[in-house]
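In what follows, a single structure is set out as structure tokens and then discussed.
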Amino acid sequence: MNRKMKNLVKCGLIAGILLSAGGGLMAQTGTTPTQSNPSSPGSNGSIVQGKDTSPVNSSNVMNNMSTRESEAFQRFQAIPDSQFEKKVKVGEEFLKKFQNSIYMPAIYSTLSVTYIQNGQPEKGFADGEKALELRPNDARTLANLAQAMARMNQSDIPNRLEKAEQYAQKCIQITPTLVKPDGVTAEAFAASNNLNLAMAHSALGTVKVRQGKFAEAIPDLKEAVRLDATKDPTNLYLLGVASENSDHYADAVDAFTKCAAAATANMQQTCKSGAAEAQKHLAAGTAAPASK
């Protein structure tokens, strides 16, 4: 491991820099119209109510259960992410009570992000993988898991980088095939897809940085920066690290400078130091041509 990689790990910017603050992770609380309304025609949860309005009527019993399920899901969605313990408790209770619910993938996906954001990545990864068992082509969950797995400490989990790479590649592969749900604007659909792709490319770039394949990491990290409307400074930092270790010092100065401008206080100084070091190399005339 070279000097720059030692600094990278020492700073903890991959091991946990944005996991505590989200790391760009987005809880998948949104669902398609059919998923979010079990009583809508044609949905999996559609119940045709019988003429007998008595609560003992079997159709009405099922309809009441569907209504309670929908209301419970809405209560879960309404809990702010900042109320971690309450969010987790209500979500886990929902999964126990409604074990065949059409909302289970969304609950698992949201809990996955919630656990990861609050320093319990193992629980988060487990719930994310349960979400993928139920909905294998869930691009948002694939992207969330890929980025989080790539950024966490890998010392005792040798296959975590492989999983991150697999999830990221699948997200990139399936995203162009996704169909826009009814009731979602084209702009919102495109923004959601771009964010998923940004996380997936960030994961691939992070994996390559961890493997010391700095030049190979640059295209994915540049794509992550381009697609990410949230301007995650970690991607800029990693791009700076990859560029500097590939002797593309002008690119490194640019990435580190943008990172310092976008980062929180605890990360700004690291980015400023990176820019200053890259600038010294640039002034010394040892730079390689700018990367494509």
Residue ranges of helices (runs of 4 or more DSSP H) in segment 184-292 with at least 2 members within 16 Å of the chain's Cα centre (by Cα) and not acidic (Asp, Glu): 186-210, 214-227, 233-245
Where LEU111 falls short, out of the listed (1) crowded, with 21+ Cβ neighbours inside 10 Å; (2) over 12 Å from ASN144 (Cα atoms); (3) of a type in the set (A, V, I, L, M): (2)
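Identify, please: which residue in segment 215-232 is buried (at least 24 other Cβ atoms within 10 Å of the Cβ) and of a type outside the set (Gly, Ala, Ser) and is, among those, modelled with the lowest pLDDT? Break it down into steps so the answer makes sense when it comes.
Let us first name the residues in segment 215-232 that are buried (at least 24 other Cβ atoms within 10 Å of the Cβ), namely 217-218, 220-221, 224, 232.
From the residues that got through so far, the ones that are of a type outside the set (Gly, Ala, Ser) too are 218, 220-221, 232.
Details: ILE218: 98, ASP220: 98, LEU221: 98, ASP232: 92.
Applying the filter and picking the extreme gives ASP232.
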Those helices (runs of 4 or more DSSP H) lying entirely in segment 70-164 with at least 2 residues at pLDDT below 95 and among the β-branched types (Val, Ile, Thr): 104-117
Any hit, segment 190-200, residues being buried (at least 22 other Cβ atoms within 10 Å of the Cβ), in contact with a Phe, Trp or Tyr (Cβ under 8 Å, 6 or more places away or on another chain) and either closer than 20 Å to VAL225 by Cβ or among the β-branched types (Val, Ile, Thr) (or both): yes
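The values are calculated or read from the model by the stated rules, or taken from the named source; none is laboratory data. Bear in mind the structure is a predicted one, so any value in this text is a computation, not a measurement. All Cβ positions, glycine included, derive from the backbone under ideal geometry; neighbour counts span all protein chains shown.
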